[in-house]
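Here is the structure we will look at, set down as structure tokens.
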Amino acid sequence: MQGFSLLEMMVVLAIALIISGLALMSFQPTLKNSRVTNAYNTALGAMRQARDFSIGQRQVYFVTFNANATPPDTITVTQGGTGTVVATYPLPIDVRFLAQSGLPTTGPDGFGAGNNAIDFDQGVAGGSKTVVYFMPDGSSQDVNGNLNSGVLYIAMNGGGSDRAFAGLEALQHRRGQVLEANVMAAKEFSIRARAQRRQQGFTLVEVMISMVVMTVGLVSLLGVFGLAMASTQTSQENAIAKRLANEALEGILTARETANVTWAQLQNTGSGGIFVPGPQPINNAGTDGIIGTADDAAAGARILEMPGPSGVYAGTCPPDNCMSLANYTRTIAITQATNGGVPDPTLNIVTVTITFTTPQLRIPKNYVLVAYISPYR
């Protein structure tokens, strides 16, 4: 019984490997973007953790952003009273706190000039640009007790990874020369062997076993690609959901900080407050300037505006790209916190839930943001 020749099997395997390699390379930009997004979420999560610890334990906690000489950069959460580091979060190895060239000279919300990657303590002398203190009242301050505002730039560290790839490529090239010599020697031996005996191929059983093993591997690889594609297709919707939840929470905190509302009003309407309970459409803030209150309906539906092909906001659509948020709803639930089972009248739990659907998956998805708020400013 004659089977397939070794040359035929090698050609099939080479084609399969080439296709798999091309598919993997096409996902490299997506994987890089996901690492930057993970670093952003890590920084945001560390600050929220420190703030929640500070409010819940009535102690000062501070967050330090460390741009280390050798990667990875790290974020530490420290208890202010004891100096104990309660958590350390490393960034991905190829993502750094980095202010790249070409940034606007005016940073987000007017903070910084795009020169420093970690640029807190804006407009106040004597503080630290890399440390943010969170107080039991929920505010962020510097070491001198001033309210702390700033900006943080996170980007891919292209230079270091390029050098690593170049070194790897040179190493593979040297290995290829040794392999080529071995293959040529084996080829000469094979030619002499074929002159003495007839070439034999693989049996059908051997081919079937190889095909089963290859099929299992390819199915597993396709499953990984499927998960990556699903994450890529919903990444924009997930980012919008996070933004909508954050702006609602920041609006509540700002209203508390500026004393625009009383502590009793920071409740749902059923408990004597001003925030409408249940899922609500995404509308613009009403006349009170606070998201989630009854006057939002009169302000009309919110439209998300993004830069057009030029990359610069024109203020009109088109040329800007405008996106409807009709497939999103926002729920703001405010409940009283408990301490050992006893209600605490000076501490509330704010839960912001964004529910949305995507064109690829009609099943609703939820993004939930939970924070603590107290009456102390």
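When only Cα pairs below 8 angstrom with a gap of at least 6 residues are kept, segment 235-373 shows a relative contact order of 22 percent. With the alpha-carbon atoms of segment 235-373 aligned to their principal axes, the span from lowest to highest coordinate is 55, 33, 24 Å, starting with the largest.
Each value in this text was obtained by applying a stated rule to the coordinates, not by laboratory testing. Because the structure is predicted, anything quoted here is derived from the model rather than measured.
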